[in-house]
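Have a look at the structure below before the remarks.
The values are calculated or read from the model by the stated rules, or taken from the named source; none is laboratory data. The structure presented is a predicted model; accordingly, all values stated were derived computationally and were not measured. Cβ coordinates were reconstructed from backbone atoms using ideal geometry, including for glycine residues, and neighbour counts include every protein chain displayed. Each accessible area value is taken on the protein alone, full model and side chains, heavy atoms only, with ligands, DNA and RNA left out. Shrake-Rupley method; radii C 1.70, N 1.55, O 1.52, S 1.80 Å.
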Amino acid sequence: MHKSLKRHSIIIIPESRGLDFPSLMDDTKNAPNGSFFLLHACAHNPTGVDPSEEQWREISYQFKVKGHFAFFDMAYQGFASGDPERDAKSIRIFLEDGHLIGCAQSYAKKYGTLWPESRLPQVTVVVCEDDKQAVSVKSQLQQLARPMYSNPPLHGAHIVSTILGDPDLKKLWLREVKVVLDQLFSFLDFVLLVKEDCAVQ
């Protein structure tokens, strides 16, 4: 994999505050074959600007052509659209296209925003070609994890398991995720309104 770190590929057009997709694709095409890319699966931090489904498909295709490796950072699933299934679309597209990918999934923001990150599950998944490669990847991940913690707490994992394992609790949780997102959007609308009023004055 390409080891040098190039410029950030998420480029924002100031006028529209949208994604400069042609520039992102130029970076993808011009990177050496087999480069490593860190991608935000949804709710890009810090811009909040995500590619559309069609753009994700084009990104996936270009990654396939160039042999790039995609590692997804997914900390805000459900907070981009209010629908966790919809927010996972980028990853599903890459998997459907046959990519081997990595994904770091954080649950801290979705299951207890007041808790420190270390209290809730952080899951790293790497899709491998075969069992032999999976054993090697697991060994590397264990070596990385060992210096950071010895015995991670279980209570956060139990909370997530309990919620997702109970259909009624899961349904309630999905509703509450949407409520939180709606509140965030309302707050952002208020902030923008205040900012515009201050600019006029």
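Condition first: among the small types (G, A, S) and surrounded by 13 or more Cβ atoms within 10 Å (Cβ to Cβ). Now tell me which residues in region 66-77 satisfy that.
Answer for region 66-77, where residues must be among the small types (G, A, S) and surrounded by 13 or more Cβ atoms within 10 Å (Cβ to Cβ): A70, A75.
Which residues, taken from region 45-102, are of a type in the set (G, A, S), out of contact with any strand residue (DSSP E or B) (no Cβ under 6 Å at 6 or more places or on another chain) and over 21 Å from D20 (Cα atoms)?
G67, G78, G82, A88, G98
Scanning region 145-172 for residues that are touching a Phe, Trp or Tyr at 6+ places or on another chain (Cβ under 9 Å) and in contact (Cβ under 8 Å) with a residue 12 or more places away in the chain, which turns out surrounded by the fewest Cβ atoms within 10 Å (Cβ to Cβ)?
Of everything passing the filter in region 145-172, A157 is surrounded by the fewest Cβ atoms within 10 Å (Cβ to Cβ).
Suppose we filter region 49-108 for residues that are more than 11 Å from the chain's Cα centre (by Cα), part of a loop (DSSP other than H, G, I, E, B) and under 23 Å from A31 (Cα atoms); how many remain?
Residues flagged as more than 11 Å from the chain's Cα centre (by Cα), part of a loop (DSSP other than H, G, I, E, B) and under 23 Å from A31 (Cα atoms) within region 49-108 amount to 9.
Any residue in region 48-65 that is at positive phi, surrounded by fewer than 17 Cβ atoms within 10 Å (Cβ to Cβ) and at pLDDT below 95?
yes
For Q142, indicate whether it is in a helix (DSSP H, G or I), at pLDDT 80 or above and open to solvent by 70 Å² or more (accessible area, probe 1.4 Å).
Spelling it out, Q142 is indeed in a helix (DSSP H, G or I), at pLDDT 80 or above and open to solvent by 70 Å² or more (accessible area, probe 1.4 Å).
Surrounded by 17 or more Cβ atoms within 10 Å (Cβ to Cβ), over 26 Å from K138 (Cα atoms), of a type outside the set (A, V, I, L, M, F, W, C) and modelled with pLDDT of 85 or more, is that true of D83?
Taking the combined requirement at face value, the residue does not satisfy it.
Among what's in region 21-40 and is of a type in the set (S, T, N, Q) and in contact with a helix residue (DSSP H, G or I) (Cβ under 6 Å, 6 or more places away or on another chain), pick the residue that is most open to solvent (accessible area, probe 1.4 Å).
N33
Please work out which residue is modelled with the lowest pLDDT, limiting yourself to region 104-139 and to residues that are under 26 Å from Y76 (Cβ atoms) and open to solvent by 100 Å² or more (accessible area, probe 1.4 Å).
L114
Mind checking which pairs have a first residue in region 17-35 that is within 19 Å of I101 (Cβ to Cβ) and part of a loop (DSSP other than H, G, I, E, B) and a second that is modelled with pLDDT of 90 or more and of a type outside the set (A, V, I, L, M, F, W, C), Cβ under 7 Å, 6 or more apart or different chains?
Correct list of pairs: A31/K66; A31/H68; N33/K66; N33/G67; G34/G67; G34/H68.
Return the residues of region 174-184 that are open to solvent by 100 Å² or more (accessible area, probe 1.4 Å) and at pLDDT below 80; say none if nothing qualifies.
none
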